[in-house]
Ligand code: SF4
């Protein structure tokens, strides 16, 4: 890379792996260690190219259609969760299933199932086609209506409005979701809202960190894959706050011209992006002249989720664990 005016890198805190991603990757690694390759995984375990390639090299096979999985195989559901239909098909085909659905997504599934039994219909705020949205909407055969923006709220037609509840994809823009939720509330004043918001702590914390960092930097780099919802939201947020912002899947995607005339570089990573990729970006930006790397103050996350039964090994440390 060519010389530029870059002098300092500011590292967002928190950034990178959340507890749900950590757990999902560990489930695949432990299944490989315990049962041997191949281990089948429905959908990318988390939306990150590096993580998926690393697990492929260790013997994981990623599939979308359960018909691709041979009888008797071990199958893992990705962190995004699956519909009831996928769960039922997996059991009907007799696979040994381990569920790496993030417990915070499962919490939404449980809430939907419980309220549906009480006769509720749902408005879901989320992005069409995202696997988490397909999984959550697929908890019911009907009665769950997706809205992607405020315009959708005006158009949505639930069968009734007496028993209506709202649920949200866990990785949305906090600000966009609040605006859409306000429109939902205005149209359906009696709608039931969750006691604790569905947008997860990791999404909230990473967006808060970008809000604090954005005015202090000239450019923000987000490490994340194009399919990662929460990574995209971090880049958009910085851009909205007036900071030039780029998302890269790896350090090779950095372009020297982005840094021309920029002094302070902010760096963060989506919840599915490993720290090794952040380190590689730091090395490349150092080559542009950055002499210091400074960690911002921020929330220290301590959330940890338990592993599913049947995957606890005596040896807690796995060789070559992705981090
Ligand atoms: S981003 Fe949030 S919901 Fe998604 S895996 Fe991480 S903790 Fe779970």
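The values are calculated or read from the model by the stated rules, or taken from the named source; none is laboratory data. This structure is a prediction, so every number in the text was calculated from the model and none was measured. Backbone-built Cβ (ideal geometry, glycine too); neighbour counts: all protein chains shown.
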Every residue from the range 31-56 that is in contact with a strand residue (DSSP E or B) (Cβ under 8 Å, 6 or more places away or on another chain), crowded, with 19+ Cβ neighbours inside 10 Å and assigned to a loop (DSSP other than H, G, I, E, B):
43, 44, 45
Of the listed residues (36, 5, 16), the one being on the phi > 0 side of the Ramachandran plot and out of contact with any helix residue (DSSP H, G or I) (no Cβ under 7 Å at 6 or more places or on another chain) is 36
Specify which of the listed residues (177, 183, 154) is outside any loop (DSSP other than H, G, I, E, B), closer than 22 Å to residue 106 by Cα and either away from the ligand (no atom under 12 Å from the Cβ) or under 23 Å from the mean Cα position of the chain (by Cα) (or both).
177
Specify which of the listed residues (62, 77) is outside the structural domain of residue 272 (by TED's automatic domain parsing), within 14 Å of the ligand (Cβ to nearest atom) and crowded, with 16+ Cβ neighbours inside 10 Å.
77
Please enumerate the residues belonging to the range 200-235 that are assigned to a loop (DSSP other than H, G, I, E, B), without any contact (Cβ under 8 Å) to a residue 60 or more places away in the chain and in contact with a strand residue (DSSP E or B) (Cβ under 6 Å, 6 or more places away or on another chain).
218
Can you find a residue that is away from the ligand (no atom under 16 Å from the Cβ), at negative phi and in contact with a strand residue (DSSP E or B) (Cβ under 9 Å, 6 or more places away or on another chain) anywhere in the range 110-117?
yes
May I ask you to say which residue of 68, 121, 96, 111 is over 23 Å from residue 23 (Cα atoms), more than 16 Å from the chain's Cα centre (by Cα) and surrounded by 13 or more Cβ atoms within 10 Å (Cβ to Cβ)?
121
In the range 254-267, is there at least one residue being out of contact with any strand residue (DSSP E or B) (no Cβ under 7 Å at 6 or more places or on another chain), touching a residue at least 24 places away in the same chain (Cβ under 8 Å) and surrounded by 18 or more Cβ atoms within 10 Å (Cβ to Cβ)?
no
Do you know which of the residues in the range 236-253 that are assigned to a helix (DSSP H, G or I) and in contact with a helix residue (DSSP H, G or I) (Cβ under 6 Å, 6 or more places away or on another chain) is surrounded by the fewest Cβ atoms within 10 Å (Cβ to Cβ)?
251
